[in-house]
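So the structure is just underneath, and the comments pick up after that.
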Amino acid sequence: MLSENIKAFRKTKGLSQEELAARLNVVRQTISKWEQGGSLR
């Protein structure tokens, strides 16, 4: 599932949700939502 892939990728790269969010120019809550299977918009 996409949410699991996002989390696995982030952990493999050693990034926190905050760090990944900064790289993608989104807020941390968006990463959390994606990892929980929430809206992918």
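The values are calculated or read from the model by the stated rules, or taken from the named source; none is laboratory data. Keep in mind that this is a model prediction, so the values were computed, not measured. In case anyone asks, the SASA skips ligands and DNA or RNA and just uses the protein heavy atoms, side chains included. Shrake-Rupley method; radii C 1.70, N 1.55, O 1.52, S 1.80 Å.
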* To do: Working from the alpha-carbon coordinates of the chain, get Rg over Rh, Rh being the Kirkwood radius.
  => 0.92
* Rounded accessible area of residue 35 (nearest 10 Å², 1.4 Å probe) -> 30
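Quick check: at a probe of 1.4 Å, how many percent of the accessible area of the chain sits on carbon and sulfur atoms? Display every interim value, and only then the final one.
Numbers: 1600 of 3210 Å².
Answer for the chain is 50 percent, counting heavy atoms of protein chains only.
Tell me the mean residue ellipticity at 222 nm calculated for the chain from its helices only (DSSP H runs of n ≥ 4, each -39500 (n - 2.57), averaged over every residue, nearest 500).
-18500 deg cm²/dmol
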